[in-house]
1. When region 118-140 is examined, which residues are found to be assigned to a helix (DSSP H, G or I) and over 19 Å from V86 (Cα atoms)?
2. For region 136-169, enumerate the residues that are at pLDDT 95 or above, more than 16 Å from the chain's Cα centre (by Cα) and surrounded by 12 or more Cβ atoms within 10 Å (Cβ to Cβ).
3. For a quick check of your reading of the model, give me the residue pairs whose first member lies in region 18-46 and is farther than 21 Å from A196 by Cα, whose second is in a helix (DSSP H, G or I) and small (G, A, S), with beta-carbon atoms closer than 6 Å and at least 6 apart or on different chains.
4. Please give the number of the condition N172 fails out of (1) within 17 Å of the chain's Cα centre (by Cα); (2) away from the ligand (no atom under 16 Å from the Cβ).
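The values are calculated or read from the model by the stated rules, or taken from the named source; none is laboratory data. Values in this document were obtained by computation on a predicted structure and should not be read as measured data. We place every Cβ from the backbone using ideal geometry, glycine too, and count neighbours over all the protein chains shown.
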Amino acid sequence: MATPHNAAKKGDIAPFVLMPGDPLRARWISETYLQNPVCFNSVRGMLGYTGLYHGKRVSVMGSGMGCPSMGIYAYELFQEYGVDTVIRIGTAGALQPDLPVRHLVIATKALCDCGFAAGFAPDRKPVPDGSLCQRAQTLCQERHIPFACGPVVTSDFFYPTEQGTAPLLFANQGALCVEMETLALYLTAQSCHGRALSLLTISDQLCTGEALSHEERETSLRLMVETALALAEG
Ligand code: HPA
């Protein structure tokens, strides 16, 4: 059984899924870290693979950019494919001056600068699974990965708007960084009774203008992917 956006049959996708925004990154992760990766989807180029990581079945699939795209793929994974855990692995722009590029952010909450939340009950909180969040912190500490843990803001806007650069306003509300998908993942996971966590690498420091080079992006990405894969091991 497939969906309008996913050609996978039931059973093709593992219960534990990593979701980078970029489908080509999903392919790179599957080729770099998984044994015997098998492609289960290429509809709209949103590549997805299942393979073994340290003997455990793991899937990796692109989410695309923004809440509507993440919302579609995450809903179908939880609701149609019996997925129980989705870990977003993405990049973000730092909104706090003391949060440098390369640092990891564990998103404890998603503040809303987007339209997606309108589809959910007003009392639903866009927060991650508590045990995944705890475990990710422990893994970062054990691996000496510099990280911060706190709220992020999920925005519909990558570029400045005619109303001013709204994400910077969320810095005053405690947002560590801005990205575009975490709120959709957290609300969708909760309403589908799934587990979710967002791990983000700071690729741009929006206060200072510092940005990661192409090579540095890959090195930082590895630390984040390896932390996410370690979560699959429990
Ligand atoms: N805005 C939104 N998403 C991002 C950014 C940003 O500045 N940097 C990396 N992902």
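1. Step one: filter region 118-140 for residues assigned to a helix (DSSP H, G or I), giving 118-119, 130-140.
Listed by number, the residues that qualify are A118, G119.
2. L139, C140, R143, I145, P146, listed by residue number.
3. Cβ pairs passing all conditions: P37/S30.
4. The number of the failed condition is (1).
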